[in-house]
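Trainee: Below is a structure I'd like to ask you about.
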Amino acid sequence: MRVQFTKMHGLGNDFVVIDAVSQHVSLRSSHIQKLADRNTGIGFDQLLLIEPPSRPDADFDYRIFNSDGAEVEHCGNGARCFAKFVTDRELITKPAITVNTAGGLIELSVTKTGLVCVNMGEPALNPQALPYQAPPEPDETQTVVLKAPDKLRSFGLISMGNPHAITIVDPTDTPPIADIGLALQNSPQFPKSVNVGFMQILSTTEIRLRVFERGVGETLACGTGACAAVAYGRLVGQLDSKVNVATRGGNLQIEWQGIGHDLIMTGPAESVFEGEFRL
């Protein structure tokens, strides 16, 4: 079987995007692992599969697979690449695109400037949505204090359709990101693992963010991580409703008016090259 693909990235978070609407595709976990290898395969953080809709209120199904072959619920940077791909390929012509993910429906649109706007829905503030298994119980800001490899740290528990634990770090703090990330991801308190974010608050309208993603490791950017970080910053009263998120790969704009409102993410998406592989 020959499969056509497009390599894309959102702020350095890189993807292989496969159109399973126009071609037949059948991938196993072992296939994805081989394709993800940066030495002997194509190399990517995640593989995105575009499929015909499985529900009448969606234009497409959007499936996401980590480089370890595991399917996950959501990916914000991938969603922007998804929107650019289906628009560039004219798989859809209307301006607003509704896609069905394992985490629910999301709305996408490509702006006149080429940036992609994603309505991520309302952050889930119920720890069971991650899921998270107490003790300890989160407080009203969704904060729990957990033992990390270096010290006790406070984490905000937010679901953006996928699980996030965010800790606020000050400029002098140099946390062992991989050690902390792996410790939480392997903890029985997070039975489906968790993406671990490290947020430095520069002002009420700007943060720096690094994210250690489950099944991948630290990436150059994480869209859902940026959304979760801003949501948590809002809950603890340290951020305004519009925030610029600086990642190692570039900037995202996040807007959230607060509980009862959808969260909006805006940022770039880029095509890199096209190719074909054989299974």
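Trainee: From the list Ala70, Ala96, which one is surrounded by fewer than 21 Cβ atoms within 10 Å (Cβ to Cβ) and in contact with a strand residue (DSSP E or B) (Cβ under 6 Å, 6 or more places away or on another chain)?
Mentor: Going through Ala70, Ala96 in turn, the sole match is Ala96.
Trainee: For the range 143-160, state whether one or more residues are surrounded by 13 or more Cβ atoms within 10 Å (Cβ to Cβ) and either at positive phi or not assigned by TED's automatic domain parsing to the domain that holds Ile207 (or both).
Mentor: Keep residues of the range 143-160 that are surrounded by 13 or more Cβ atoms within 10 Å (Cβ to Cβ), which gives 143-144, 146, 148-150, 153-160.
Subsequent filtering for residues that are either at positive phi or not assigned by TED's automatic domain parsing to the domain that holds Ile207 (or both) retains none.
No, that holds for no residue.
Trainee: For the range 228-279, which positions are more than 20 Å from the chain's Cα centre (by Cα) and assigned to a strand (DSSP E or B)?
Mentor: Of everything in the range 228-279, those that are more than 20 Å from the chain's Cα centre (by Cα) and assigned to a strand (DSSP E or B) turn out to be Phe273, Glu274, Gly275, Glu276, Phe277, Arg278.
Trainee: For the range 196-227, what are the residues that are aliphatic (A, V, I, L, M) and outside any loop (DSSP other than H, G, I, E, B)?
Mentor: Within the range 196-227, Val196, Met199, Ile201, Leu202, Ile207, Leu209, Val211, Ala226 meet the criteria.
Trainee: Scan (1) within 20 Å of the chain's Cα centre (by Cα); (2) not in a loop (DSSP other than H, G, I, E, B) for the single condition Tyr132 breaks and write down its number.
Mentor: All conditions are met except number (2).
Trainee: Please find, within the range 1-18, the residue that is farthest from Leu105 (Cα to Cα) out of those that are touching a Leu at 6+ places or on another chain (Cβ under 7 Å) and crowded, with 16+ Cβ neighbours inside 10 Å.
Mentor: Restricting to residues being touching a Leu at 6+ places or on another chain (Cβ under 7 Å) and crowded, with 16+ Cβ neighbours inside 10 Å, the top hit is Val3.
The values are calculated or read from the model by the stated rules, or taken from the named source; none is laboratory data. Model, not experiment: these values are computed from the prediction. Positions of Cβ are generated from backbone atoms using ideal geometry, with glycine treated the same way; all protein chains shown enter the neighbour counts.
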